[in-house]
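Written out below as structure tokens is the structure these notes cover.
The values are calculated or read from the model by the stated rules, or taken from the named source; none is laboratory data. Since the model is a prediction, treat every value here as computed from it, not as a measurement. Note that we place each Cβ from the backbone using ideal geometry, even for glycine, and neighbour counts take in every protein chain shown. Only protein heavy atoms, including side chains, enter the accessible area calculation; ligands, DNA and RNA are left aside. Shrake-Rupley method; radii C 1.70, N 1.55, O 1.52, S 1.80 Å.
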Amino acid sequence: MKKVVKFGGSSLASAEQFKKVGEIIHADQERKFVVPSAPGKRDPDDTKVTDMLYACYALAEEGKDFKAQLQAIKDRYQEIIDGLKLDISLEDEFKVIEKNFKEKAGDNYAASRGEYLNGIIMAAYLGFEFVDAAEVILFDQNGEFDSETTNTKLKERLAGMEAAVIPGFYGACEDGRVKTFSRGGSDITGSIVARAIKANVYENWTDVSGILIADPHIIYKPEGIETVTYKELRELSYMGFNVLHEDAIFPVRREGIPINIRNTNAPEDNGTWIVESTCQKPKYVITGIAGKKGFCAVNIDKDMMNAEIGFGRKVLQAFEENGISFEHVPSGIDTMTVFVHQDEFMHKEQQVVSGIHRLAEPDRIEIEADLALIAVVGRGMKSTRGTAGRIFSALAHSNVNVKMIDQGSSELNIIIGVANSDFETAIKAIYDIFVQIRI
């Protein structure tokens, strides 16, 4: 078996955390390909190295002195090196970074140095070979990730290697310019490496023991999810789950490689398994609950709308012309509602309204603001009757008014719209009604 192991910033924030990681890797001889993040926070009041780099580069870009800020970053890494008693120096690396900052190499380059430097330390600590992600993770001239070229390049580079450290989060464009994924992108790098070496498992180590059924800021000590499918996680990630970067699923899904979310601080815990499919019945009817605030609903009324060919296209064209994406479009016989992000829509609302009138000639348009969307996701819902009824019952009992309900044809998820003010209450009500009922 071959395992790719990715460690998040909290797992590598200090020398003490590095030592835990080293023990985890050495405890399993199959953990030979390691993807590190940049050092995260050592305590709640600390600053992540990536944020320190962004701030440092911002000064450089403005032509201001940034030496003190760069020295603070140096000190963070030296503290780790000293704590691990390593005989290495990053002095030459920081000279190059300082030079490139002065030459305004870009904020992508600046942000990537956190993972790059941590990768060098990790390779030295483990005695593994270091592979610069800029040489094997490739983006095209438009800055889009080139998955197939990357897969070929990575396969060739890692072929025959017994063990390697590949920093997460970044790669490079065709011209050599460093390009990063979005924040949390080290998860994607781990998935890319797992696909390239055809790993049996992709272990993603963080500071929680897997994925929880609901947000612990809303539900006190929510239960964990033992197994979740790629499709379920996609639905949950889309609505706010952030334990794993949502784009990290795609590379491993192509090869059927499972992901195991584990806790660096509690390595004995089994964590959560993310798989393509499973015959195992879920513990509860639902797998998870997730949601976001800050939506608004644009309600369009027109008599005989259902008989008018192209009406929906005309309405959505008004949003497209103004650069606004939509989230959900529930409809009735004479009504159609478009849910959009309020912060994107509010500055262009009148342009959109006039556009809808011009293109679709509706009878009436009404806008409702300050709404939240909640996704109730679970493969167990498909084989369980009355799921929607239970949700409505629980919400009614908690005096929550449902603004919208939308269920996909896969019967994998139900989307519920409520007022922002009812968001937490609604999630608590749904959690309580389902987590105590097993199938």
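Being outside any loop (DSSP other than H, G, I, E, B), farther than 26 Å from residue 119 by Cβ and open to solvent by 50 Å² or more (accessible area, probe 1.4 Å): is that true of residue 221 here?
Considered against the rule, which asks whether it is outside any loop (DSSP other than H, G, I, E, B), farther than 26 Å from residue 119 by Cβ and open to solvent by 50 Å² or more (accessible area, probe 1.4 Å), residue 221 comes out as no.
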Original post:
Counting only residues that are more than 18 Å from residue 49 (Cα to Cα), acidic (Asp, Glu) and touching a strand residue (DSSP E or B) at 6+ places or on another chain (Cβ under 8 Å), how many does region 166-210 have?
Top reply: 2
Original post:
Pick from 208, 228: which is closer than 30 Å to residue 425 by Cα and part of a strand (DSSP E or B)?
Top reply: 228
Original post:
Has region 104-118 got any residue that is among the aliphatic types (A, V, I, L, M) and in contact with a Pro (Cβ under 7 Å, 6 or more places away or on another chain)?
Top reply: no
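For region 170-179, does any single residue satisfy the condition of being out of contact with any His (no Cβ under 6 Å at 6 or more places or on another chain) and within 23 Å of residue 267 (Cα to Cα)?
Among the residues of region 170-179, not one is out of contact with any His (no Cβ under 6 Å at 6 or more places or on another chain) and within 23 Å of residue 267 (Cα to Cα), which makes the answer no.
Only one residue in 172, 214, 194 is assigned to a helix (DSSP H, G or I), touching a Lys or Arg at 6+ places or on another chain (Cβ under 9 Å), of a type in the set (A, V, I, L, M, F, W, C) and at negative phi, so which one is that?
Criteria check complete, one pass: 194.
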Original post:
What are the pairs, 6+ residues apart or on separate chains, where a residue within region 14-27 that is more than 14 Å from residue 207 (Cα to Cα) and without any contact (Cβ under 8 Å) to a residue 60 or more places away in the chain has its Cβ under 8 Å from a residue that is surrounded by 13 or more Cβ atoms within 10 Å (Cβ to Cβ) and among the polar types (S, T, N, Q)?
Top reply: none
Original post:
So is residue 348 touching a residue at least 60 places away in the same chain (Cβ under 8 Å), open to solvent by 30 Å² or more (accessible area, probe 1.4 Å) and either more than 30 Å from residue 196 (Cα to Cα) or more than 30 Å from the chain's Cα centre (by Cα) (or both) or not?
Top reply: no
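Check every one of the strands (runs of 3 or more DSSP E) wholly within region 235-337 and list those with 2 or more residues that are at pLDDT 90 or above, aliphatic (A, V, I, L, M) and over 19 Å from the mean Cα position of the chain (by Cα).
288-301
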Original post:
Of the residues that sit in region 245-267 and are basic (Lys, Arg) and crowded, with 17+ Cβ neighbours inside 10 Å, which one is farthest from residue 31 (Cα to Cα)?
Top reply: 253
Subject >> Residue within region 400-408 that is closer than 18 Å to residue 218 by Cα, outside any strand (DSSP E or B), open to solvent by 50 Å² or more (accessible area, probe 1.4 Å) and modelled with pLDDT of 90 or more present >> reply: no
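Yes/no matrix, rows are residues, columns are (1) within 28 Å of residue 198 (Cα to Cα); (2) more than 28 Å from the chain's Cα centre (by Cα):
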{"residue": "80", "(1), (2)": "no, no"}
{"residue": "85", "(1), (2)": "no, yes"}
{"residue": "98", "(1), (2)": "no, yes"}
{"residue": "101", "(1), (2)": "no, yes"}
{"residue": "121", "(1), (2)": "yes, no"}
{"residue": "127", "(1), (2)": "yes, yes"}
{"residue": "148", "(1), (2)": "yes, no"}
{"residue": "161", "(1), (2)": "yes, yes"}
{"residue": "175", "(1), (2)": "no, no"}
Subject >> Extreme residue, surrounded by the fewest Cβ atoms within 10 Å (Cβ to Cβ), among residues of region 149-175 that are of a type in the set (A, V, I, L, M) and within 21 Å of residue 36 (Cβ to Cβ) >> reply: 161
Original post:
Which one of these is farther than 27 Å from residue 227 by Cβ, touching a residue at least 40 places away in the same chain (Cβ under 8 Å) and among the hydroxyl-bearing types (Ser, Thr, Tyr): 421, 354?
Top reply: 421
Original post:
Among (1) closer than 30 Å to residue 259 by Cβ; (2) not in a strand (DSSP E or B), where does residue 347 come up short?
Top reply: (1)
**OP:** Give region 1-45 a look and list any residue that's among the aliphatic types (A, V, I, L, M) and in a loop (DSSP other than H, G, I, E, B), or say none.
**Re:** 1, 13, 27, 38
**OP:** Within region 27-70, work out how many residues are within 21 Å of residue 261 (Cβ to Cβ), open to solvent by 40 Å² or more (accessible area, probe 1.4 Å) and more than 21 Å from the chain's Cα centre (by Cα).
**Re:** 3
Subject >> Long-range neighbours under 8 Å by Cβ, at least six apart or interchain, first residue farther than 20 Å from residue 116 by Cα within region 40-64, second open to solvent by 60 Å² or more (accessible area, probe 1.4 Å) >> reply: 59/65; 59/69; 61/104; 61/107
Original post:
Out of 364, 385, 358, 379, which single residue is buried (at least 17 other Cβ atoms within 10 Å of the Cβ) and among the charged types (D, E, K, R)?
Top reply: 379
Original post:
Are any residues in region 84-138 polar (S, T, N, Q) and open to solvent by 40 Å² or more (accessible area, probe 1.4 Å), and if so, which ones?
Top reply: 89, 108
Original post:
Which one of the conditions (1) open to solvent by less than 10 Å² (accessible area, probe 1.4 Å); (2) in a strand (DSSP E or B); (3) in contact with a Lys or Arg (Cβ under 9 Å, 6 or more places away or on another chain) does residue 370 fail to meet, given that it meets all the rest?
Top reply: (1)
